[in-house]
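The values are calculated or read from the model by the stated rules, or taken from the named source; none is laboratory data. All of these numbers come straight from a predicted model, not from anything done at the bench. All Cβ positions, even for glycine, are placed from backbone atoms using ideal geometry, and neighbour counts span all protein chains on display. Calculation scope for accessible area: heavy atoms of the full protein, side chains included, ligands and nucleic acids excluded. Shrake-Rupley method; radii C 1.70, N 1.55, O 1.52, S 1.80 Å.
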Amino acid sequence: MEEEDDDDDDDDDDDEGEERRGNRRYSDYGDSPRRPRRAAYRHRQDYSDDEYESPRRRPPRGRTGNQRVVSGAALEEGQGWRLGGFLGRLRGGGGSSAPSYDRGKERDESDYDPPRPVRKKNKWIIIGIAVALLVIIIVVAVVVSKNNSSNNDDNKDSSSKLDEEKKNSIPMQWRGTYLDPFSWKSTDDFNVTFTDEMVGGLPVMGLFTKWDDSARANDKVPPLDEEWGSYEERPARGVNVGGWLSLEPFITPSLFDYDRRYGIVDEYTLCQHLGPRTTAEVLEKHYASFVTESTFKEIRDAGLDHVRIPFSYWAVEVYEGDPYLFRTSWRYLLRAIEWCRKYGLRVNLDPHGIPGSQNGWNHSGRQGAIGWMNGTHGTENRRRSIEFHDRLSKFFAQDRYRNIVAFYGVANEPRMTELSSSDVMAWTEEVYKLVRDNGVRAAVVFGDGFMGLHNWQGQMTGYDDLVLDVHQYVIFNRDQIALSHQEKVEFACDEWTAQARQSMDRSTGYGPTLFAEWSQADTDCAPHLTNVGRGNRWTGTYETGRESTDVLEPRCPTLDDRCDCGPANADIGDMSDEYKRFLRMFAEAQMHSFEKGWGWWYWTWDTESAPLWSYKKALAAGIMPKKPWNRDFDCNGNVPSFKDLPEFYRR
């Protein structure tokens with residue numbers, strides 16, 4: 001999420017060491033053969049929009065009915081034992097067995113009157129039969145109609161329900177693991193019929209076998225089953241769901257509300273402190289509640305058309321010594337994609353943490369040293385990251401993802417100011433070729449590494465579908481944070497627009513460029529934004545433990561002791577009208593600039609408390625346009641001086 005400080009105003013490189021934020025059965029896929037590479041975004045899929053299913057009668061005891069056929073569970077790579085110990089006690093509740101009754105008890109004759117024979121004329125018998133047939137036809141028609149109008153899958157109602165029959169169908173070796181729905185916190189919109197099928201070594205458990213790609217986000221964009229076209233001509237307008245499947249302390253500070261002596265500063269130390277059992281309970285509760293189906297409906301209703309979903313490598317695999325919760329987030333990632341599908345939102349897959357940590361920042365999972373292609377285990381973690389993408393790309397090469405996964409990221413914010421740039425580029429090209437060989441047709445996205453956009457000119461040439469990702473913020477640069485309100489808007493309009501155009505032109509920059517992170521924040525005041533327990537640049541309290549990166553003098557525009565974080569951290573309802581006016585103009589200026597590239601994704605959709613990092617909160621407060629294409633400001637007009645808005649925020 002965050003960038004490091006850098007005194008280079010052109011590209012926002014940062015001071016080193018600082019914090020940064022269809023319808024086929026799965027057995028048809030398997031891991032091979034590989035599909036030939038085809039033109040990007042060319043795919044179609046059809047299916048009826050079904051949500052209703054007629055009830056099924058429970059089979060007799062001792063039999064199972066309407067189950068997937070499984071070939072026999074095998075503990076995938078020996079991982080089943082990892083969760084068995086602390087998830088063995090089932091949560092979420094299973095349905096009770098069928099009600100019992102005394103089958104041997106005879107009814108007393110006094111309970112009913114025996115039927116008396118009545119003679120009917122033949123014509124009345126015929127009429128009665130005809131009426132009965134008509135009733136049956138009407139009932140069948142109603143059921144079929146409801147089936148055809150359901151939202152997702154014609155087996156959804158029954159296959160989303162936990163009952164004793166499904167519990168008995170789960171092989172013993174999988175009970176209590178990530179494949180056991182009786183251990184899940186939530187089963188809403190999950191298929192709980194057991195299967196141990198894998199694609200690319202990753203489970204399909206939880207997915208329904210049918211899908212519908214006919215939805216569109218809004219009338220400005222095509223439905224999922226039609227090609228998007230040129231992102232240069234129709235830029236993406238999207239948002240991140242950050243802090244969900246990859247934790248970030250400033251987004252969900254309640255998860256990090258511990259005495260500082262415990263040293264809980266990231267997901268790694270949080271999981272270590274909680275231990276396996278409590279980690280599973282705490283994190284799955286967070287996964288099930290922080291982002292829900294309503295999140296994606298709200299994103300659609302806001303006029304957005306893309307969602308970037310950050311997740312980390314432990315959704316796929318964990319290694320010896322890792323305290324992370326294994327594979328639970330994988331299930332939620334897959335369900336989120338299905339919700340995006342329902343609302344016509346295209347997906348940008350974002351590996352936010354890869355083995356060893358690609359940047360050493362807390363949102364990679366572990367704050368501290370970079371262990372990816374660096375240090376004692378650098379080579380091993382490089383190999384692991386290749387294996388991660390091999391499995392991931394095989395899974396997302398399935399037909400069900402052809403229309404919806406528009407962007408496939410390789411690594412969020414690799415810290416190329418401290419890593420060998422040539423090593424990172426070689427890895428990126430290797431992953432690109434692997435992903436293409438495995439059949440993924442989405443555009444592949446790589447991070448700019450904070451090298452400066454002009455330094456990418458002529459690098460990794462020959463790829464029209466390999467896209468540079470740039471994250472633009474003014475607040476992680478000690479000079480840009482000191483710009484006045486007027487200067488910040490002008491900087492977005494002038495400097496960032498120029499950078500976007502420079503980067504998009506292969507004669508001056510890399511070429512295809514998108515902007516997957518930005519925000520309205522004009523200070524770094526949000527608690528935990530610069531790491532748990534650290535101060536901020538705005539008030540001059542930013543202590544990193546390294547003299548070269550400490551900022552111990554106030555960096556608000558007045559550069560004195562009047563600098564104050566109070567109003568910047570206030571509820572939006574308590575902010576002044578002039579400040580709200582600035583915030584909306586600053587947001588619209590950035591939208592204008594980033595649409596000179598392949599588009600933008602705001603960081604992030606929602607936060608527990610940091611309002612200037614929440615698109616949802618900004619939208620509700622009127623400091624974000626109701627629809628991103630209907631803006632009041634577009635950088636062609638004059639930027640006001642905001643003379644009635646204090647530059648230091650002290651009341």
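Quick notes on this structure:
- Condition met for Phe515 (under 17 Å from Ala610 (Cβ atoms), touching a Ser or Thr at 6+ places or on another chain (Cβ under 9 Å) and open to solvent by less than 20 Å² (accessible area, probe 1.4 Å)): no
- Note on the stretch 568-594: residues that are open to solvent by 40 Å² or more (accessible area, probe 1.4 Å) and farther than 23 Å from Gly637 by Cβ amount to 4.
- Listed conditions (1) of a type in the set (Lys, Arg); (2) out of contact with any strand residue (DSSP E or B) (no Cβ under 9 Å at 6 or more places or on another chain); (3) part of a loop (DSSP other than H, G, I, E, B) are all met by Arg501, apart from (3).
- Some residue of the stretch 379-393 being more than 23 Å from the chain's Cα centre (by Cα) and open to solvent by less than 10 Å² (accessible area, probe 1.4 Å): no
- Members of the stretch 406-418 that are β-branched (Val, Ile, Thr) and open to solvent by less than 10 Å² (accessible area, probe 1.4 Å): Val410
- Lone qualifier among Tyr463, Tyr473 - being part of a loop (DSSP other than H, G, I, E, B), under 30 Å from Asp644 (Cα atoms) and not polar (S, T, N, Q): Tyr473
- Applying the criterion of being open to solvent by 60 Å² or more (accessible area, probe 1.4 Å) and either of a type in the set (Ser, Thr, Tyr) or assigned to a loop (DSSP other than H, G, I, E, B) (or both) to the residues of the stretch 613-640, the residue that is farthest from Thr497 (Cα to Cα) is Lys626.
- Members of the stretch 547-562 found to be within 27 Å of Thr252 (Cβ to Cβ) and either of a type in the set (A, V, I, L, M) or more than 34 Å from the chain's Cα centre (by Cα) (or both), listed by number: Val551
- Any hit, the stretch 571-584, residues being modelled with pLDDT of 95 or more, within 27 Å of the chain's Cα centre (by Cα) and of a type outside the set (Asp, Glu): yes
- Residue in the stretch 480-488 that is open to solvent by less than 40 Å² (accessible area, probe 1.4 Å), in contact with a His (Cβ under 7 Å, 6 or more places away or on another chain), of a type outside the set (Lys, Arg) and at pLDDT 95 or above present: no
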